[in-house]
Amino acid sequence: MGRELLKPLGFIDGRWVPADDGGTIAVDDPATGETIARVPWMGAGETHRAIDAAHRAGPDWAARTAGERARILRRWHDLMLEEQEALATLLTREQGKPLREARAEILHATAFLEWFAEEARRAHGEVIPAHAADRRLLVLRQPIGVVGAITPWNFPSAMVTRKVAPALAAGCTIILKPAEQTPLSALALATLGEEAGVPPGVFNIVTGDAPAIGSVLTTSPVVRKLSFTGSTATGRLLMRQSAETVKKLSLELGGNAPFLVFDDADLDAAVEGAMLSKFRNAGQTCVCTNRFHVQSGIHDAFVDRFAARIRGLRLGHGLDPASDIGPLIDASAVAKVEAHVADALAKGAELVVGGRRGAFDGGYEPTLLTQVRADMLVNHEETFGPLAAVIRFETEDQAIALANDSIFGLAGYLYTSDLARAWRVAEAIETGMVGINTGLISTEVAPFGGIKQSGLGREGGRQGLEEYQELKYLCIAA
Ligand code: ADP
C-alpha cells in the first residue's frame, strides 16, 4: 500500500517519460470540470519508439514459458486487488461513474489478468491424423508479435486488461493508447504491472494525439495486430488504415442493443434487467440497451414499473455514495441525448420521466420515452446515455424483425418464460451476444464481441487468447 498510482507520464521501454516537446493535455473530472492531472501529449515520434521497444522485447518475452508469463500476470492481478479502492477512486474521478460501479469495474478488470494467466497454460496446439502414412501433421500456436491497442473512456480499466492480459499471456508485446479523457487508470495499471515484473518494452503506453498515434500504429509493418474498442466511425477508419499492412484486427464497435419483453415474461425480472442493462455507467456501455421492444399485453405494466424505478434513481457526483447515475463523459455526450429526446418528441413520442439536464455539470436525468417508432433517431443510433425508449410490438415475428433492423449486432436481450421461444428468438437475433432473462452478460470467461458492423473478433473466453496467436502448420515427412 502507499504506492503512488497517479502517474502523469507516458510509459515507454520501462521508463516513465514526458512528451518529446514537453506538451501536455488536461484530464478533467467530468462532473466538475476540475483538472485532476495533465498527461503528455505524445505523437508519432514517441509511438515509433514504443514500437521499437516492443519489437526488441518480443523475442525474450515469447521465449519464456507460459507458466513464467502467467506468474507475472497473476502477481499483477494480486496487486490490483490490493489497490482496488485507490484504483476505483481514480477511475471515478476521471470517468465519473458511481464509486460502486468503479469498484466492480476494477474487479472485472482484475479478472481478465487471472483468466488469461490461467488460459496461457492451456494454449494447446493440435496433432492431425495425416493424409499419408509417412507424414506427421502438427499445428502450433505462436504469438502474433507486436500489438497496438486503442481503448475507450467508458471502461478505462477493464478495456485495458481485456486486451493487455491476453496479449501478454500469448507472448505478444503491446503498445496501448488509452482514451484522452481517461488515461490515468491505464497508467496506474502500468505502475502495478511494472512492480509485478512485466519486463521493459513488453507493455508500453503512449498518451496524446489519437490520429497521430493511431496512424503510426496502423501503418507500421512491425505492428502485426490492432485491437480497438470504440466508435464504429473510428473503427472503420482504423480498418482502412490497416489495409496497407494487412494487419490482424479485433474491433469492438458500436451497438444498438434491443431488449425484447414478451407477454409471458416475469415482469419483476424484466424491469430489474432493464434497469441494469440501461442505466449502468449512465447508459454509456456498448452493450447498454438502446431500445425496449415490449409486447402489447405487458406493455403498460412494464412501463409503469420501469418508470417508478427510474424515478428512484439519484443523479450526482460519482464519489457521493448516494449517487446512482454520474455525469456523462462530456458536453457532446449530453448534446446527443438531448438531440435524441427532441427528435423523438417532435415525431410523437411521449415523455414519461426525465427529459432534462441534471442540476450538476455533465449530468442528464434518467429518461423514459414511450410511443417510440422505428423512424426516430433513438431507434437507429446508439444514444450512449440514460435514455430508455419503449416501442410496442404485437407478434414474435414482428419483434425479431424490429430487433434485426439495424446495421449493428453487438448485444441483445430477451425476457420470456417460454423455453421454446427463448431458443427460437435467441437464435434469430442478429447479435454476437444474447442475454436471456438477464440484463448483465459481461464476464471474462465468455467470448464478448459483435457481428454486422459491431466489429470483428472476440475478447474474453478461450477465444480471447486465440486472437493474439497465429497458427503454424508443420508437415513432417517421417
Ligand atoms: P468516442 O466517440 O466514444 O470517444 P472514439 O472511437 O472516438 O469513441 O474513441 C475511442 C478511442 O479511439 C479513444 O482512445 C480515441 O482517442 C481513439 N481515437 C479516436 N480517433 C482516432 C483516430 N483517428 N486514430 C486512432 N485512434 C483514435
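The values are calculated or read from the model by the stated rules, or taken from the named source; none is laboratory data. From a predicted model like this one, the values you see are computed outputs, not experimental measurements. Quick reminder, even Gly has a Cβ in these numbers, built from the backbone with ideal geometry, and neighbours come from all protein chains shown.
The set of residues from region 28-47 being aliphatic (A, V, I, L, M) and part of a helix (DSSP H, G or I) comprises just one member, 44.
Condition check ((1) in contact with a helix residue (DSSP H, G or I) (Cβ under 7 Å, 6 or more places away or on another chain); (2) closer than 27 Å to residue 371 by Cβ; (3) surrounded by 16 or more Cβ atoms within 10 Å (Cβ to Cβ); (4) modelled with pLDDT of 95 or more) across all residues:
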residue: 265; (1), (2), (3), (4): yes, yes, yes, yes
residue: 288; (1), (2), (3), (4): yes, yes, yes, yes
residue: 292; (1), (2), (3), (4): yes, yes, yes, yes
residue: 310; (1), (2), (3), (4): no, yes, yes, yes
residue: 331; (1), (2), (3), (4): no, no, no, no
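The residue list 182, 161 contains one member that is within 26 Å of residue 280 (Cα to Cα), away from the ligand (no atom under 14 Å from the Cβ) and at pLDDT 95 or above, which is 161. The residues in region 339-371 that are part of a helix (DSSP H, G or I), away from the ligand (no atom under 16 Å from the Cβ) and crowded, with 17+ Cβ neighbours inside 10 Å can be counted, and the count is 2. Restricted to region 242-252, and to residues there that are among the small types (Gly, Ala, Ser) and outside any loop (DSSP other than H, G, I, E, B), the residue that is farthest from the ligand (Cβ to nearest atom) is 250.
Here is a yes/no grid of residues against (1) on the phi < 0 side of the Ramachandran plot; (2) surrounded by fewer than 23 Cβ atoms within 10 Å (Cβ to Cβ); (3) of a type in the set (Lys, Arg); (4) touching a residue at least 24 places away in the same chain (Cβ under 8 Å):
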| residue | (1), (2), (3), (4) |
| --- | --- |
| 152 | yes, yes, no, yes |
| 189 | yes, no, no, yes |
| 203 | yes, no, no, yes |
| 227 | yes, no, no, yes |
| 233 | yes, yes, no, no |
| 242 | yes, yes, no, yes |
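Of everything in region 291-324, what is without any contact (Cβ under 8 Å) to a residue 12 or more places away in the chain and assigned to a helix (DSSP H, G or I)? Give them in sequence order. If the condition is that a residue be without any contact (Cβ under 8 Å) to a residue 12 or more places away in the chain and assigned to a helix (DSSP H, G or I), then 300, 304, 308 are the ones that fit.
Annotation note: Cβ proximity below 9 Å between a residue of region 374-388 that is at positive phi and a residue that is within 16 Å of the ligand (Cβ to nearest atom) and among the charged types (D, E, K, R) (sequence gap 6+ or interchain) occurs for 384/336. Set side by side, the residues 117, 86, 109 differ, and just one is at pLDDT 95 or above, within 28 Å of residue 235 (Cβ to Cβ) and away from the ligand (no atom under 16 Å from the Cβ), which is 109. Mind checking which residues of region 143-158 are more than 12 Å from the ligand (Cβ to nearest atom) and within 10 Å of the chain's Cα centre (by Cα)? Within region 143-158, 157, 158 qualify. Selection over region 216-241 of residues that are within 14 Å of the ligand (Cβ to nearest atom) and in contact with a His (Cβ under 7 Å, 6 or more places away or on another chain) gives a count of 1. All conditions but one from (1) touching a residue at least 24 places away in the same chain (Cβ under 8 Å); (2) of a type in the set (S, T, N, Q); (3) not in a loop (DSSP other than H, G, I, E, B) apply to residue 332; the one that does not is (1).
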